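The values are calculated or read from the model by the stated rules, or taken from the named source; none is laboratory data. Note that the structure is a prediction, hence the values are computed from the model and not measured. In case anyone asks, the SASA skips ligands and DNA or RNA and just uses the protein heavy atoms, side chains included. Shrake-Rupley method; radii C 1.70, N 1.55, O 1.52, S 1.80 Å.
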Amino acid sequence: MDALLTVSRTFVSDRRAVTALEYALIASVTIAAMAVAVPIIGTRLLSIFSNLAASF
């Protein structure tokens, strides 16, 4: 019984899994934002450089 209590206390007090989960969520949100932003920025840059090249 004492071993079960010790294991459960250790499990509850361990915050490494929570921290890893938080970092995983931050990384997934960052990747999702980049997946949306990169094509938009790429299209705008293509337009800017095409117009610049046409002006020469």
Original post:
Going by alpha carbons, how many degrees (0 to 90, nearest 10) lie between the helix axis of 2-13 and the longest principal axis of the chain?
Top reply: 20 degrees
Subject >> Ellipticity estimate at 222 nm from DSSP helix runs (n ≥ 4, -39,500 (n - 2.57)) divided over the chain, nearest 500 >> reply: -32500 deg cm²/dmol
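Per residue, how much accessible area does the chain show when a 1.4 Å probe rolls over the protein heavy atoms, in square angstrom? Intermediate results must be reported in sequence, preceding the final value.
Numbers: 5220 Å² over 56 residues.
For the chain, the solvent-accessible area averages 93 Å² per residue.
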Original post:
Gap in Å between the Cα centre of the range 31-46 and the Cα centre of the range 5-30?
Top reply: 32 Å
